[in-house]
Each structure stands twice: as C-alpha cells, then as structure tokens.
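Have a look at the structure below, then the notes.
The values are calculated or read from the model by the stated rules, or taken from the named source; none is laboratory data. Fair warning: this is a prediction, and the values are worked out from it, not measured in the lab. Cβ coordinates were reconstructed from backbone atoms using ideal geometry, including for glycine residues, and neighbour counts include every protein chain displayed.
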Amino acid sequence: MPNNQPAEDIPVYLFVGFLEGGKTKFIQETMEDERFNNGEHTLLLVCEEGIEEFDPSRFPSKNVAIRTIEEQEDFNEENLKAILKESGATRVVLEYNGMWTIQDLFENLPVEWAVYQAMCFVDASTFLNYNQNMRSLVVDKINVSELVVFNRFDTKTMDNVEFHKIVRGISRRTQIAYETTDGQVAYDDIQDPLPFDITKDEFTVNEQDYALFYRDIMEEPDKYNGKTVTFLGAAARDPKFPKGVFAVGRHVMTCCVEDIQYCWLVAEWDKAEMLENRQWVRVTGKIAIQRHKLYKGKGPVLKIEAVVLSNAPAQEVATFY
C-alpha cells in the first residue's frame, strides 16, 4: 500500500460489563450466526475469562482467531497491533474486562481501530450491588453503550423501573433490554419525558434539571436548534476567548466527587467582557447549532438576549438525581 494512502479502519465490536454478565454467551451466539460470521477474518480478543468458554467448533466460519489478554498492562497499542497482524484479521470482537475503564481502552486502542458498536451485559441479580459499591465503573460501562442487557431478570422479585432509572441517570440514548429468567427478552418501553417542554419555542430549565438539559442538548443538539432557553449558570471568561464570547454552565457530578466537571455552553453577548469568572447569572438566549472554535466543531451556541446577575443555587453542583 502506498505511504500516502490511509489504512482502512479496523472495526471493533465492543462488549463490556462485569464478570458473569452474559458477554461470552452473547458473543458465542453472535459468532454462530452466519449473517455476522460469514467468512471475514475476525480477531476475538478476550480480556476477561469467566465460567463459560468459547466453542469455536460451532462457528460457521473458521476464520476466527481467539486471543487472550489477561493483564491490563498488556492491553497497549503495540501489543494490540502485533496480535492483529499475527492473526491476519480485518475486524475485532472485543470482550473487555469489566474492571478496566473505558478511558484506558480508548487511550490504548490503535488509532486505526474504530469502535463500531458497544453493548453492555449485566447480571441483574448483582447489578444493584455493583451500582451501590462500584458506581463509577457502572457509569463508565453504560455511558459508552448503545444497548444494556440485564440478564437473569426475575420479573417476580425485580422492578424494571428501578433499573430503568439508574440507566437513564447515566444515559438517555442507551437502549435497555431484559432477558428474564424464563428465557424471554423484552425491551424497555418506559417513557422518559424531559422535565422541561422543548416543544415550545421558549422554555426554562429549573436548577435541579441542568444536568439532564446539558446531557440531552449535547446528545441531540438538533432538536434544540432555534429554541430559546433560560437557565441559571456560572459564567466563565478566558483571555483566549473571542471578543463577545463567554461560557456559561454548571459543575455536574455523574456518579461521584472525582468525576465533577464544568459542563458549559458557548454564549455570545456584546457585553461578555463585563462578566467575571464564576459569576452566577440567569441567562436567556436563542440556541443555534453551529460550528464554533471553542467546540472544535459544531455545538449549541447561545445568542444571548438577557443576562441577570444572580445568587448561587443552594446546590451548586448539578446531578442527575
């Protein structure tokens, strides 16, 4: 291949979750499906070994190389490239270790490896304990997943609303499925109306709802385009900002104190230079989804219509609860 011709992406099908959550069983069934395993050279990379083992004799295509990485230090770019080259594979099915973070995964994946799909598998009987005692790891896995599957879900003793609320507190885009103890699969159909009405041209975000608003506008910005919003936030200024631009937002905690971060929107106002850092303001502005240098791409930009100085809310850090 000529040096100036970029290599094609290596698609990665990512399966995350905790031990005995059902990852191996689902991957085995996927690899037994001729629609997926139709002859393409595949690297099945296993980073967590549970009770169940893969049975490659049941795969319709034998072009599957199974490799294992047991130590986290071995999950690095150099080693991953070497394993892929040795296997001759053109795609990767990755069973990731539930105790390793997603950040570590993305920091160590080779640049040409692209995650095409991410799914999370959880043992429903242990999920609430994991959520209580290892909340940051639960958030870490669900936040990246397009679908979370709760296996061994007992409809007689478990309340799907409780599971639903936990997932929705992390992500509004992740789909939820329950595989019940009798082998049936049901998809979650609980409606999640936002606590503010974006069907209106103008709406207000209450103090306790900022975290939901921020996550939703960043996940689905286009539905906010042209709407006018009012909310309370802390202003931020930086000498590097363009003239007439400031940031406004709140510190948001997803799961624990360690993950608190300032979640802000770009705001354009001809009096922006009058604002001080950490000054609490109630802003009203029309949302425009457009490219902006502070986003390094497209994002929601507030065209400020009104700014009112305000006191800090009783709870300065916004949460999803």
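I'd like to verify a number: residues in segment 91-108 that are in contact with an Asp or Glu (Cβ under 6 Å, 6 or more places away or on another chain) and under 16 Å from Val138 (Cβ atoms), how many?
3
Quick one: how many residues across segment 175-203 are in contact with a helix residue (DSSP H, G or I) (Cβ under 8 Å, 6 or more places away or on another chain), without any contact (Cβ under 8 Å) to a residue 40 or more places away in the chain and not hydrophobic (A, V, I, L, M, F, W, C)?
3
When you go through Gly285, Gly297, Gly249, Gly244 one by one, which is the residue that is under 25 Å from Ile102 (Cα atoms) and without any contact (Cβ under 8 Å) to a residue 60 or more places away in the chain?
Step by step, each of Gly285, Gly297, Gly249, Gly244 is checked, and only Gly297 is under 25 Å from Ile102 (Cα atoms) and without any contact (Cβ under 8 Å) to a residue 60 or more places away in the chain.
Have a look at Asn160, Asn143, Asn225 and point out the one that is under 25 Å from the mean Cα position of the chain (by Cα), outside the structural domain of Ile102 (by TED's automatic domain parsing) and among the polar types (S, T, N, Q).
Asn225
For segment 20-44, give me the residue count where each residue is farther than 23 Å from Arg152 by Cα and assigned to a loop (DSSP other than H, G, I, E, B).
Of the residues in segment 20-44, 8 are farther than 23 Å from Arg152 by Cα and assigned to a loop (DSSP other than H, G, I, E, B).
Please list, ordered by first then second residue, the pairs with beta carbon atoms under 8 Å, 6 or more apart or interchain, first in segment 7-20 and under 18 Å from Ser125 (Cβ atoms), second surrounded by 20 or more Cβ atoms within 10 Å (Cβ to Cβ) and among the small types (Gly, Ala, Ser).
Sorted first by the residue in segment 7-20, then by its partner, the pairs are Gly17/Gly98; Phe18/Gly98; Leu19/Gly98.
What strands (runs of 3 or more DSSP E) completely inside segment 112-207 contain at least 3 residues that are surrounded by 19 or more Cβ atoms within 10 Å (Cβ to Cβ) and among the hydrophobic types (A, V, I, L, M, F, W, C)?
113-123, 147-153
With the requirement that a residue be free of Cβ contacts under 8 Å to residues at least 40 places away in the same chain and assigned to a loop (DSSP other than H, G, I, E, B), what does segment 221-241 give you?
Across segment 221-241, the qualifying residues are Asp238, Pro239, Lys240.
Could you tell me which residue of segment 199-214 is nearest to the chain's Cα centre (by Cα), considering only residues that are closer than 18 Å to Val301 by Cβ and not aromatic (Phe, Trp, Tyr)?
Val205
For the subset of segment 252-282 comprising residues that are under 22 Å from Val139 (Cβ atoms) and without any contact (Cβ under 8 Å) to a residue 12 or more places away in the chain, which member is nearest to the chain's Cα centre (by Cα)?
Result: Gln261.
If you go through segment 112-126 one residue at a time, how many are under 18 Å from Lys165 (Cβ atoms) and under 18 Å from the mean Cα position of the chain (by Cα)?
Counting residues in segment 112-126 that are under 18 Å from Lys165 (Cβ atoms) and under 18 Å from the mean Cα position of the chain (by Cα) gives 2.
In segment 51-78, how many residues are assigned to a helix (DSSP H, G or I) and buried (at least 16 other Cβ atoms within 10 Å of the Cβ)?
Of the residues in segment 51-78, 0 are assigned to a helix (DSSP H, G or I) and buried (at least 16 other Cβ atoms within 10 Å of the Cβ).
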